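K.L.:
Please find one structure pasted underneath; my questions will follow.
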Amino acid sequence: MGGAGTGEPTKHALASRLVTLGLAIAFGAVGVPRASADEILVAAAASLREPVVTLAEVHETRHPGDRVRVSFGSSSSLALQIRHGAPVDVFLSADSRLVDTLVSEGLIGDDRHQPLVGNRLVVIRPRGSDLRVGAPSDLLDPRIRRFALPSEVVPLGGYGRRWLQERGLLDALGPRIVVTEHARATLAAVAQGHADAAIVYATDAATSPGVEVAWAIPDGEQPSILYAIATPGEGDVAPATERFVTLVQGPDGERILQSAGFVWRAKDPSVAAPIASGPRP
Amino acid sequence: VSAGALLGIVGLTARVALVATLLALPPAVSLGYCLARNDFRGRALVQALVTLPMVVPPVAVGLALLILLGPRGPFAALGLELVFTWWAAAIAAACVGFPLLVRACEQSFAEVDVRYESVARTLGLSRLQTFARVSLPLARRGVLYGSLLCFARGLGEFGATALVAGIIPGRTETLSLGIWSRVQLGDDVGALVLCAASFVLALFSMLVAEGWLRRAR
């Protein structure tokens, strides 16, 4: 094992390279994700972006030891991640049925989910577009060459497609649908002019200066949209998670979500007791 | 994007690509050496199989890893919870970059004259010593170049990573995942900031790597 011989300069170069590698790893330590005990991961529907960011900020201000990380996506892809073992502490789903499925699969305890808010659908067009929509059949206007909508597994895609189906429009509109990732991607597609129209949540339409409401679908034609809050897992809820859920379901959550345009559906304590103090078997 | 968050994303991206390369190196070097030194039936098949992770859609690799590393997979049975951690991102990047590394190693070992190894053996070095002190140093440029390719592939990995690591800010959000999620959320400014950061990171790492390659000559 004597050192000298064939590769002295080479060894030297290799050693220096290894040192540099080590330094690089150490430097990379800036980006080392370290999950602390009071760090919670919230998986939230993309359509809840602004209010959930605000709620996370309020939470961190009020509980300086807690850290709230939020992963936004389509509720269906977030549910899929939970199914595959993602360490999600709080799930805010745009469709309560996705939560029900996770409950039936045993991934969310029976007493660990509640309805949260309702929403409405609107038809949007890019700002400045001269598209006129006053009835569902106007969606077949030839000027709508591309209609943005997520696939049916995504909550918005499900709500929107069922709504179109019930009016006999889905088949005719089908070839013009560009499939988007989630509610916000649908909004962005219209805001950037990639699509000529879309069905989105009223709350989303209000966040973008690039779109305008072409038709506020009247009450009688609105589908029932229900968001839910859940804490995946069984047994005791971690204290930081409980604090966040209490905040979302409490008066601050109500104020912040309502000012973003959501309809508060967690009012009645008999229907929606706070998760952590719900009935236990 | 806050400066702290940006630094975190860039640091995590570099770390994932680096760890991916380090994970891929030992198996890739040994496999590359075996392929270069042995001619056996089915060698072409092994070569083709090795290349697969690079040729099949990265999402397919991601799905395979999701099943393998997931809660019902063999790694979970060993108590390793890997999915949706940055380790999963590194493993995904290692799988996708592995073929590049193996092929580069194979190539450079094939160029090492077998006679040097024979002489080393007659002078009393064991197989392992011969490999470590003769073959590997002579093939170092190819190995280094392969590592560079693997690292570069890891910096931009998206498909497999998105599936096994999710896009969790501060935990698994690398540059490519961050750009994609921001574009989807309509945050074009944030996406462009991350694009600029990835440009800087890529340029910086390639310049450093070029320097290494030149010194290894």
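K.L.:
Just by accessible area at a 1.4 angstrom probe, what is the order of A:S224, A:S76 from largest to smallest? Provide the component values of the computation, followed by the final result.
P.N.:
Numbers: A:S224 95, A:S76 20 Å².
Reading off the accessible areas and sorting them downward yields A:S224, A:S76.
K.L.:
Could you report the buried accessible area between A and B, both sides summed, computed with a 1.4 Å probe and given in Å² to the nearest 100? Could you put the intermediate results ahead of the total?
P.N.:
Working: alone 14040 and 12070 Å², together 22850 Å².
Accessible area lost upon association: around 3300 Å².
K.L.:
I would also like to ask the following. Count charges around B:G190 for me, please; just the other residues with Cβ under 15 Å from its Cβ, Lys/Arg as +1, Asp/Glu as -1.
P.N.:
Numbers: positive: A:R49, A:R184, B:R182; negative: A:E50, B:E173, B:D187, B:D188.
Net of charged neighbours comes to -1.
K.L.:
Could you tell me what percent of the accessible area of the protein assembly as shown is made up of carbon and sulfur, with a 1.4 Å probe and every protein chain present? Provide the component values of the computation, followed by the final result.
P.N.:
Numbers: 14240 of 22850 Å².
That fraction is 62 percent.
K.L.:
GNM, chain B, Cα, under 10 Å: largest mean-square fluctuation among B:L144, B:L177, B:L45?
P.N.:
Greatest mean-square fluctuation among the candidates belongs to B:L45.
K.L.:
For the range A:51-199, give me the percentage of DSSP beta bridges that are antiparallel, rounded to the nearest 5 percent. Please list the in-between numbers first.
P.N.:
Details: 2 of 8 bridges.
So the antiparallel bridges in the range A:51-199 amount to around 25 percent.
K.L.:
Follow-up question, since we're still on this one. Normalised by the number of residues in chain B, what is the relative contact order in percent for Cα pairs under 8 Å and 6+ residues apart?
P.N.:
Numbers: 285 pairs, mean separation 66.6, N = 217.
Rounded, it is 31 percent for chain B.
K.L.:
Would you please give the residues with an amide H less than 5 Å from that of A:G233, counting only those at least 5 places away or on a separate chain, with H modeled from the backbone geometry?
P.N.:
Here A:I108, A:G109 satisfy the definition.
K.L.:
With θ set to phi - 60°, apply the Karplus curve 6.51 cos²θ - 1.76 cosθ + 1.60 along the range A:69-84 and write out the HN-Hα couplings as whole Hz, x wherever there is a Gly or Pro.
P.N.:
Ordered by residue, 3J(HN,Hα) equals 9, 10, 10, 9, x, 6, 4, 5, 6, 5, 5, 4, 5, 4, 4, 8 Hz.
K.L.:
OK, next. How would B:S2, A:S47 line up by accessible area, probe 1.4 Å, largest first? Don't skip to the answer; put the middle values down first.
P.N.:
Details: B:S2 70, A:S47 5 Å².
From most exposed to least exposed: B:S2, A:S47.
K.L.:
Ordering A:H59, A:H84 by accessible area with a probe of 1.4 Å, largest first, what comes out?
P.N.:
Values: A:H59 0, A:H84 45 Å².
From most exposed to least exposed: A:H84, A:H59.
K.L.:
Can you give me the long-range amide H partners of A:R127? Hydrogens built in the peptide plane at 1.01 Å from N, cutoff under 5 Å, separation of 5 or more residues or another chain.
P.N.:
A:V211, A:E212
K.L.:
For the range B:1-71, would you read off the P(r) tail past 15 Å as a percentage of all alpha carbon pairs? Before the final figure, lay out each step's value.
P.N.:
Details: 1800 of 2485 pairs.
Roughly 72 percent, rounded to a whole number.
K.L.:
Compute the whole-percent fraction of alpha carbon pairs in the range A:168-231 spaced more than 16 Å apart.
P.N.:
Values: 1112 of 2016 pairs.
Counting every Cα pair in the range A:168-231, those more than 16 Å apart make up 55 percent.
K.L.:
Still on this model: Can you give the Kirkwood hydrodynamic radius of the protein assembly as shown from its Cα pairs, in Å with one decimal? Mind showing how you got there, number by number?
P.N.:
On the way: mean 1/r = 0.0395 Å⁻¹.
Over the protein assembly as shown, the inverse of the mean reciprocal pair distance is 25.3 Å.
K.L.:
Would you kindly derive the ³J(HN,Hα) couplings of the range A:126-139 from the backbone phi angles with the Karplus curve 6.51 cos²θ - 1.76 cosθ + 1.60 (θ = phi - 60°), listing them in order in whole Hz, with x for Gly and Pro?
P.N.:
x, 4, x, 5, 9, 5, 10, 10, x, 8, x, 5, 5, 5
K.L.:
Something else now. Could you pull out every residue, at least 5 positions away or on a different chain, whose amide H is within less than 5 Å of the one on A:L116? Hs are placed 1.01 Å off N in the peptide plane, and Pro or chain starts have none.
P.N.:
Result for A:L116 returns A:Y227, A:A228, A:I229.
K.L.:
Tilt of helix B:188-215 relative to the longest C-alpha principal axis of chain B, in degrees (0 to 90, nearest 10)?
P.N.:
20
K.L.:
Also: Please identify the GluC sites (Glu not before Pro) of the range A:103-189 that satisfy two criteria: DSSP loop assignment and at most 12 other Cβ atoms within 10 Å. Which are they?
P.N.:
Numbers: sites: A:E105, A:E152, A:E166, A:E181; in loops: A:E105, A:E152, A:E181.
Listed in order of number, the matching sites are A:E105.
K.L.:
How large is ³J(HN,Hα), in whole Hz, for each residue of the range B:155-166 in order, when computed from phi with the Karplus curve 6.51 cos²θ - 1.76 cosθ + 1.60 and θ = phi - 60°, using x for Gly and Pro?
P.N.:
Coupling constants for the range B:155-166: 4, x, 4, 10, x, 5, 5, 4, 6, 8, 10, x Hz.
K.L.:
Does anyone have the angle between helix B:3-37 and the longest principal axis of chain B? Alpha-carbon axes, 0 to 90°, nearest 10?
P.N.:
20
K.L.:
While we're looking at this one, here's another question. If we count every other residue with Cβ under 12 angstrom of B:M54's Cβ, Lys/Arg +1 and Asp/Glu -1, where does the sum land? Before the final figure, lay out the partial values.
P.N.:
Values: positive: B:R103, B:R153; negative: B:E157.
That sum, taken over residues with Cβ under 12 Å, equals +1.
K.L.:
Roughly what angle does helix B:86-110 make with the longest principal axis of chain B, taking Cα atoms, 0 to 90 degrees, to the nearest 10?
P.N.:
30
K.L.:
A further question on this structure: Fully extended, how many nm does the chain gain between B:A202 and B:A76 (0.36 nm per residue separation, minus their Cα-Cα distance)?
P.N.:
Gain on extension, B:A202 to B:A76, equals 42.0 nm.
The values are calculated or read from the model by the stated rules, or taken from the named source; none is laboratory data. Since the model is a prediction, treat every value here as computed from it, not as a measurement. Note that each Cβ is placed from the backbone with ideal geometry, even for glycine, and that neighbours are counted across all protein chains shown. SASA here: full protein model, heavy atoms, side chains in, ligands and nucleic acids out. Shrake-Rupley method; radii C 1.70, N 1.55, O 1.52, S 1.80 Å.
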